[in-house]
1. Would you kindly derive the ³J(HN,Hα) couplings of region 128-134 from the backbone phi angles with the Karplus curve 6.51 cos²θ - 1.76 cosθ + 1.60 (θ = phi - 60°), listing them in order in whole Hz, with x for Gly and Pro?
2. Go ahead and collect, in residue order, the members of region 247-263 whose backbone nitrogen is under 20 Å from a label point 7 Å along the Cα-Cβ direction of Phe198.
3. Set the Förster radius R0 to 45 Å, insert the Cβ-Cβ distance between Val16 and Met273 as r into 1/(1 + (r/R0)^6), and round the FRET efficiency to 0.05.
4. Report the net charge of residues surrounding Lys118, where surrounding means a beta-carbon distance below 15 angstrom and charges are Lys +1, Arg +1, Asp -1, Glu -1.
5. Using a Cα-Cα cut-off of under 23 Å, which lysines could be cross-linked to Lys288, ignoring same-chain neighbours fewer than 8 residues away?
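Bear in mind these aren't lab numbers, they're just calculated from the coordinates by the rules spelled out. This one's a predicted model, so the numbers in the text were calculated from it and none came from an experiment. Neighbour counts are summed over all protein chains in view; Cβ atoms, including those assigned to glycine, are modelled from backbone coordinates with ideal geometry.
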Amino acid sequence: MSDPLTFVQHVLPPLVRLLCFISLGILMGIFIENLRWSTFMARLATPLVRLAHLQPVAGASFAMAFFSGITANSMLAEGFAQKKITRKEVIISNLFNSLPIYFLHLPTMTMIAAPLLKQAAPAYIGLTLGAACLRTCVMVICCRLFLPPLPEGCVTCELPHSEPLNLRKVVLTTLSRFAKRMQRIAIITVPIYILVFFASDLGVFTWLETTIATHARILSWVPTQALGVIVLQISGEFSAGAAAAGALLENGLISVKAIVLALVVGNILSSPMRAFRHQLPVYAGIFKPGLALQLIAANQGLRIGSLIAVGSLYAMWG
């Protein structure tokens, strides 16, 4: 694709269209989050909290996780310090909070995935949602087995009172967050999208396929083009892998199923790095070091196990 005119015709139009859809999607996602949709979700979750026999502090932490994971964990740490809940209850409750934390960022993640992954977006979002629901089901069973019944009372009443919703403040906050988020995503998306097109044009994927077939038969089950998606997810963030996946789909180089499986594998392999890069500093500041490491290990173990389960089912019957 050495001809500049060919580059403009084949790369720029879909890239500009993609960035427009991403901009609109991110703006809508952040706006929905700022409208406190989590309040509604927290109220819906009250029956689930009671079903899981969560103590009042743990139940309030679960509801708070729809707003802030840091605040939810701080509530658990404070309850543990005051001996309102045991160490076992802290671990179980922290694992139970994975579902609301997932929903906390679902609007923005969906709005990023939809324009980038297109027809692959519903499958990938569905698998990650299914994994989050599977983790919650496992934890409900554990809570019912190991925790005493929840006393009568209002779970969401223990949440801190928030000031009335101000539409002007919501709009300004949304625009501020949008500008920062879009700048970071554009810096990642644009060069990756262009590089994938050039790599395809130069025959890089064909060379990789031959090399892997000759020297790395253990990776033969992974489509050659999907390796870049996995690597980018491990070394970067979701938007990096999604950008590469979107470029591959746009160019017709890989199937939807292969892209979805590559994203799931990248998600699994990036979990340990994500834990030490993002979770460890936060958890170490809230819990004691030993408990923090125990919580991170349990979180990542349950998360990886649930992704492997849903990914395996999709690989067999998707």
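1. 5, 5, x, 5, 5, 5, 4
2. Backbone N within reach: 247-253.
3. 0.90
4. +1
5. Correct list for Lys288: Lys83, Lys84, Lys88.
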